[in-house]
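Throughout, read-outs are computed from the coordinates displayed, never taken from laboratory work. It should be emphasised that the depicted structure is a prediction, and the values quoted were computed from it without experimental measurement. Methodologically, a virtual Cβ is constructed for each residue, glycine included, from the backbone with ideal geometry; neighbour enumeration extends over all protein chains shown.
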Amino acid sequence: MDLPLDQRFKNRGGKKTPALAPCWMKNIDFLLYQAPPVNPNDGAAREEWIERATFMESDLQSLLRMPHEAFWCQVVFDESLHRCIDSYLRFAPRPFDVVYTLPDNVQVKQDSLHRLIFMTCLRMATHKESKKDFITPRIFGDILYENFLFDVPKLMDLCVLYGQDNKPLLTKMLTNIFTQQPKYSDDLRESLPTILHVLNSVCQKCGLECDSAPSSPQKLQTSGPTSLTTMPISEFQDLVFYVSDTAQTLFNFLDVYDAAAKHMIQDDFPVKWCQRSEAILSTLMSAIADRDWTGSTLKPLLKGKLNAALAATAHVFHSLVFQNTLLPLMEHASNPAELYELYLHLMTAVLGEIRMLAVHEVLFPFSEDRDLLVQCCPGIDETQLQFIEDGIQTACCHRAMKSEGKKGK
Amino acid sequence: MALPRLTGALRAFADVSASDSEHFEPDASAKLRKKRQQQAMRQSEEGLSWQQLVKVIKKQRGTEEKVTRSLRDLTQSAHDIVGEEASSDVIESGSAFLFEVFCGSEHVSHHHTTKLRGMFGPFPANAATKACRAVNRIAEWIPDDVLHELLTQNSKTSVDDSTEFGKNLKFHPWKPQSSEVYEWMDEESSDEEAGSLFD
């Protein structure tokens with residue numbers, strides 16, 4: 001019977017050596033990825049980028065052609081490969097980034113690298129390649145985690161870069177990674193305060209007060225709007241891009257691996273996520289309306305980014321609510337009353353976030369939740385559901401009235 | 001400059017990533033030069049070697065001065081193309097590579113420059129022209145059948161026919177997110193100043 005790779009030994013100079021050991025690693029020295037040059041007229045930069053990409057392409061192809069054993073020795077022990085993959089995940093253009101047309105020869109290389117990095121990560125996330133090429137699942141999970149082959153930011157980057165076009169494969173990858181190594185779920189929980197910290201720091205930039213208490217961020221009437229309308233356009237743009245990236249990253253991650261939502265419920269994260277995001281997005285949109293755009297064509301782009309961020313925020317909130325309340329109810333969980341209470345709490349807590357709520361209602365009508373709850377929790381007091389429904393209707397009417405008002409002007 | 005990203009903040013502050021990940025190469029050009037040299041060395045292991053070439057030419061023409069001079073011209077051109085600080089091993093394998101590239105070609109074409117740039121990076125054009133001339137002189141002194149044998153014997157061994165992981169998996173290439181996805185959010189307001197859902 002074939003042994004798993006982690007239990008195999010080979011002869012090296014007469015010495016019994018583990019098959020998975022640094023001594024079997026090849027000296028490849030992978031290069032770091034850099035984003036394609038933005039200026040199409042800079043021939044030297046383009047040539048250098050193509051040369052770099054060609055080396056990366058050739059090295060990654062060699063890696064993917066290696067037999068299972070050699071591949072894993074390289075993947076575990078070659079730090080230049082770790083940095084190469086990480087650099088691609090960090091700096092490769094996102095599907096929602098501003099699109100600039102690349103010269104054909106650059107685009108071909110970029111497409112090739114995009115596929116090769118994905119295949120490398122896919123192979124790294126596979127503990128059983130064939131009947132004879134496999135790693136003990138528990139050891140595989142430890143190898144991934146202890147060598148930082150994957151971590152939460154990398155997994156999120158993967159979802160952002162590949163989730164739109166290669167979701168089924170990516171979902172399998174993430175499911176296997178989280179299943180074989182539960183510590184990634186702990187890391188995800190530990191990442192939540194940082195996500196809120198990111199939003200808090202943007203709140204501060206927007207002149208919003210963000211308490212650590214679970215209350216909604218309060219808008220300051222003095223410094224905030226003034227600084228947002230007068231700060232340099234590049235700084236303002238960075239702020240919008242940052243907010244947009246934050247919302248879209250989380251959305252893509254949950255879209256690919258919705259089971260992650262189960263680990264993102266603690267400390268009222270869904271509510272804080274909504275409150276901070278809404279405060280930031282509406283403040284930035286007001287600033288867009290107030291800023292002087294003479295000589296700039298960026299306004300529609302930034303507005304589109306904020307719209308996308310708002311929709312992503314609603315998607316994230318829905319996923320967190322659905323996975324933690326409605327889905328277990330549908331699956332006949334043993335604690336329906338508790339789940340129902342959690343649903344009520346989450347929905348009631350965001351009734352003030354009218355913009356997010358209006359978008360949420362379009363994407364995920366409350367009536368469907370209501371039907372499901374009535375079906376899964378017979379005998380519930382529907383007064384609270386009615387209260388939520390009224391709140392949502394008010395938010396939608398408020399939005400409609402605002403728009404009508406503007407149109408009437 | 002890198003765009004601000006959520007995952008960048010998570011790497012920096014969430015304590016869930018490796019702390020030693022470097023994303024800045026202090027001397028990126030030096031790294032590229034090193035890669036070129038590595039590639040030239042690999043080429044020498046897989047392709048025609050300088051020793052093989054010298055052995056064949058000396059067998060055909062002995063140690064005539066014009067032969068020695070042409071070989072020297074070729075290595076000098078390789079030196080100019082590969083770079084000042086390259087080791088003699090790298091220069092010799094670069095010379096053998098130039099021989100393979102230019103053998104049978106009277107002029108330096110776009111195809112040649114692409115091939116050379118792929119191997120060595122940017123290089124002086126006149127060095128390529130000199131190398132091409134030297135290769136043609138040397139090739140003339142080798143009978144066709146010997147030359148054919150010399151150029152084909154190594155190419156057979158360098159083919160890597162192992163299957164690349166994922167080659168048969170369906171992969172959808174990168175495409176930008178359509179901006180139309182969120183256009184519905186603007187529909188309720190035709191007034192540009194009113195702007196989407198944020199009024």
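Data overview
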{"quantity": "Filter on A:109/B:34; A:305/B:34; A:131/B:31; A:10/A:167; A:26/B:170; A:26/A:131 - keep pairs with C-alpha separation over 31 Å", "calculated": "A:305/B:34; A:131/B:31; A:10/A:167"}
{"quantity": "Estimated inter-spin distance, residue B:109 and residue A:201, nm [label 7 Å along Cα→Cβ]", "calculated": "5.5"}
{"quantity": "Between segment A:105-154 and segment A:280-315, the alpha-carbon center distance in angstrom", "calculated": "37"}
{"quantity": "Zero-based 5 Å bins, Cα pair distances in segment A:245-312, whole percents", "calculated": "3, 14, 21, 22, 15, 10, 7, 4, 2, 0"}
{"quantity": "Dipole of segment A:5-179, positive end: most advanced residue of A:161, A:22, A:106 [Cβ charges, Cα centre]", "calculated": "A:22"}
{"quantity": "Hull volume in cubic angstrom per residue (convex hull over the Cα atoms of segment A:186-408)", "calculated": "131"}
{"quantity": "For segment B:82-92, 3J(HN,Hα) per residue [Karplus equation, 6.51 cos²θ - 1.76 cosθ + 1.60, θ = phi - 60°, Hz, x = Gly/Pro]", "calculated": "6, x, 4, 8, 5, 6, 5, 4, 5, 5, 5"}
{"quantity": "0 to 90° range, to nearest 10: angle between helix A:233-256 axis and chain A longest Cα axis", "calculated": "70"}
{"quantity": "Helix-only CD estimate at 222 nm, as mean residue ellipticity for chain A, using -39500 (n - 2.57) per DSSP H run (n ≥ 4)", "calculated": "-21500 deg cm²/dmol"}
{"quantity": "Ratio of Rg to Rh over segment A:284-337 (Cα coordinates, Kirkwood Rh, two decimals)", "calculated": "1.37"}
{"quantity": "Candidate lysines - alpha carbon under 20 Å from residue A:183, same-chain residues fewer than 8 apart omitted", "calculated": "A:154, A:172, A:262"}
{"quantity": "For chain A, built as a Gaussian network whose Cα springs stay under 10 Å, the top-fluctuating residue of A:398, A:360, A:127", "calculated": "A:398"}
{"quantity": "Local electrostatic count at residue A:104 - Lys and Arg +1, Asp and Glu -1, tallied over other residues with Cβ under 15 Å", "calculated": "0"}
{"quantity": "Interchain or long-range residues, amide H under 5 Å from residue A:9's placed H", "calculated": "A:19"}
{"quantity": "Calculated P(r) of chain A - Cα pairs past 31 Å, %", "calculated": "49"}
{"quantity": "Where labels lie 7 Å past Cα in the beta-carbon direction, separation of residue B:61 and residue A:367 in nm", "calculated": "9.0"}
{"quantity": "Alpha-carbon centroid distance for the pair segment A:241-262 / segment B:96-151, whole angstrom", "calculated": "53"}
{"quantity": "Per chain A, cysteines lacking a partner by the 4.7 Å Cβ criterion", "calculated": "A:23, A:73, A:84, A:121, A:159, A:206, A:274, A:376, A:377, A:396, A:397"}
{"quantity": "Phi-based couplings in Hz for segment A:66-82 (Karplus 6.51, -1.76, 1.60; Gly and Pro marked x)", "calculated": "5, x, 3, 4, 5, 4, 6, 4, 5, 5, 7, 9, 8, 5, 5, 5, 4"}
{"quantity": "Calculated P(r) of segment A:5-179 - Cα pairs past 19 Å, %", "calculated": "60"}
{"quantity": "Gaussian network model of chain A, Cα within-10 Å springs - most flexible of A:106, A:38, A:76", "calculated": "A:38"}
